[in-house]
Each structure stands twice: as C-alpha cells, then as structure tokens.
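So the structure is just underneath, and the comments pick up after that.
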Amino acid sequence: MIRFPELLKRLKRGPQVTLPKDIGMIVAFTGVGRNSVCVDAGAGSGWLAIALGNIAKRVTSYEWREDFARLAEENVKRAGLEKRVKIKKKNIFDGISEKNVDLITLDMADSDKVVPHAFKALKEGGYLVGYLPHAEQVQRFVKAVRESGFREDFCIECIVREILVREAGFRPENMGLVHTAYLVFARK
C-alpha cells in the first residue's frame, strides 16, 4: 500500500506522478528550503511542484501540454499554493527564462536535451535533478551533465518497503514500492 501525506491526498492524478519517497530524496540531497527558487519541468499533475512549493519560496513548473497544465493548475489551487507555485505553459526545450535558480527538476522524455539550458539558469552551487525511469536515459542525462560543465553528479534509486509489526514479531512486508525512477543529481 502506498501512503501519501495529507497535502498530496487532496490532489488529482493524471499522468505519472513523483511519489513521496523520491520527493524526500530530492529535498534531502538538494537542501531546498524556504528561500529557494525552483524550476520544475514536466509538470504533469503538479505533484512535485506542489511538494516543492510547500517548502520553497517560489516554484515555476513548465508544461507544454494544455491538458496537463490545466490539471496541474487545478491541483495547485487545491493545495492552496497559488502564490508560490506557477504553472508555465511553455516548452522548456525552448529555454528557461528564470535565472539564478537554486533547483531545477526535470521529469520528462529527452530531459538530457534541457541540461545546457538548466546550467545557464542555475546559480553557482545550484542543483539539477533528473527523474529518469530508464537506465538508458540516465546514461544520456549524465553525459549531458558532464559535457555542460556541472562539477559533480551522482545517481540513486530509492526503494521503500513497509514493515509488518505484530505482537509475535515484525518482518518486512512481502510487497513494497520498488522502482519508480532513478534520480540523477548534478551540482553547478
């Protein structure tokens, strides 16, 4: 069983969403906080943008598909974060207009092609995170990161398994939330 925090329980799902286990890793490894300015791309249902907006000063989430942008905007309203999260109906492959950004997250096909734009938009010390379901995407993304001048990069996979607790003892559940995506972190 997947458990969701109250903030996400209020939201509607459309396209695939970033789950709490991965959101937690993004927040933990990038240090995003109340003064952070974030850019997210591949808004989809808006879950990652909303989770970041609950913490950060400002989040701009790019989405080129009208239907996904509409759903993400509705979810931002449901979460009550209209002042901190903006859904931008624009294709991020055309560039990132925000500058001096603390964190950029990319959750979309061909995200490796956006890496040079991300490098220009990030401030020194800022993070780029690729949310990548397939190993081949990781390879292309890391190659783009290294060619664009990022100074460090690493990749993780977060697997969550609940524990069954009983009076007679406890053990791991037989089922768990295994692979959702690889997370690649790169620092400018």
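FYI, it's all coordinate maths here, none of it is from the lab. These figures come from a predicted structure and were not determined experimentally. Don't worry about glycine lacking a Cβ; one is built from the backbone with ideal geometry, like all the others, and counts go over all protein chains shown.
Against the chain, whose longest principal axis is taken from its Cα atoms, helix 66-79 shows a tilt of about 60°. A Cβ-based charge dipole, computed about the Cα centre of segment 61-134 with Lys and Arg at +1 and Asp and Glu at -1, lands at about 320 debye. When both bridge partners sit in segment 6-187, DSSP labels roughly 50% of those beta bridges antiparallel. Near residue 85, the amide H atoms lying under 5 Å from its own belong to 59; only residues 5 or more places off or on other chains count, and H is placed 1.01 Å from N.
Taken along the Cα-to-beta-carbon direction at a fixed 7 Å, the label points for residue 83 and residue 153 span 3.9 nm.
Could you state the angle between the C-alpha long axis of helix 20-30 and the longest principal axis of the C-alpha atoms of the chain, as a value from 0 to 90 degrees rounded to the nearest 10? Around 50 degrees separate the two axes. Expressed as a whole percent, how much of the Cα-Cα distance distribution for segment 43-136 exceeds 22 Å? Of all Cα-Cα distances in segment 43-136, 24 percent exceed 22 Å.
Specify the angular offset, from 0 to 90 degrees and rounded to the nearest 10, of the alpha carbon long axis of helix 135-148 from the longest principal axis of the alpha carbons in the chain. That helix lies at roughly 40 degrees to the long axis. Full extension of the segment from residue 143 to residue 10, taken as 0.36 nm per residue of separation minus the current Cα-Cα distance, would add 44.1 nm.
The value for the chain of Rg(Cα) / (2.2 N^0.38 Å) is 1.04. Once the gyration tensor of the Cα atoms in segment 90-188 is diagonalised, the equivalent ellipsoid follows with semi-axes of 34, 14, 12 Å, ordered largest first.
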